[in-house]
1. Quick one: T151, T22, fewest Cβ neighbours within 10 Å first, how do they rank?
2. Within the range 39-62, list the residues whose amide N lies under 15 Å from a label point set 7 Å along Cα→Cβ of L127.
3. Please rank S89, S79, fewest neighbouring Cβ atoms within 10 Å first, as an exposure proxy.
4. Can you compute the label reach from Y64? Point 7 Å from Cα along the Cβ direction, backbone N cut-off under 17 Å, restricted to the range 15-57.
5. How far apart, in nm, are the 7 Å Cα→Cβ label points at F55 and E120?
6. Separation between the T175 and N44 pseudo-spin-labels, each 7 Å from Cα along Cα→Cβ, expressed in nm?
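Derivation of every value follows stated rules applied to the coordinates shown; laboratory data play no part. Everything numeric here is computed off the predicted structure, so don't read it as measured data. For neighbour counting, all protein chains shown are included, and Cβ atoms are generated from backbone atoms with ideal geometry for every residue, glycine included.
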Amino acid sequence: MFERKSKKSHKLRIELPPNCYTFDYLKQSGIKADFPLLDTHFLNGVGHLTHTVGFIFLLLFGCYVLNHIEVISLSVKASLLVIIGMFLSLLTFGLLYCRHLYLLMMRRYIRKVSKPILLEPIAVVLLPSKRDILDKVGFKYSKTAIMYKETGTKKPKFYMEAIRTGMVNSFPTQTALLYKHPTNPHFYSVDNEFMLSKNHDLVFEGKLVSSCSL
């Protein structure tokens, strides 16, 4: 059970489902894993930031065109700011998209050149969220991932699958395959059919209990 005091000076307790632990609890227990950058990026695509920057560019470009055909009238200073904003947003969009392509190519490269290592699932990890999720009903805004450990070694290392929004509704029982970068241990990919399924339901089966302040 995980407990936390909210801003309303009462304690919120969360009864997690079986095999589910908070990220901080596992970290205190000595179970750490690098952020699954490649798989998370592959699952989520270019991301909201790229879409937002692209929308800003289109908005500024629309203002530029409307001003050019005299539908709207902008001052010289405002027109210059629009042009600078277009340039910066287009540059940012290009850099973000190039990063997206680089990570996809890196993931494909790792899966081709490295030998797979057998992993076994050990827990569902509830990661910290920017939102105060414990003050909300349910855990649909939480970030979760499956934690795996290496098999066949006395000092196993731990890895996470792609991080997703919502609580996974079942704990995988099958093993997975790990592909690591030959020289950079921070780049890795977990091959798991459970991770690749984007359409399965993400629900929370625990309980959120409000208790009196202590």
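1. Arranged by neighbour count, lowest to highest, T151, T22 become T151, T22.
2. Hits in the range 39-62 for L127 at 15 Å: 39-49.
3. Fewest-to-most Cβ neighbours within 10 Å comes out as S79, S89.
4. The answer is 53-57.
5. 4.6 nm
6. Those two pseudo-labels are separated by 3.1 nm.
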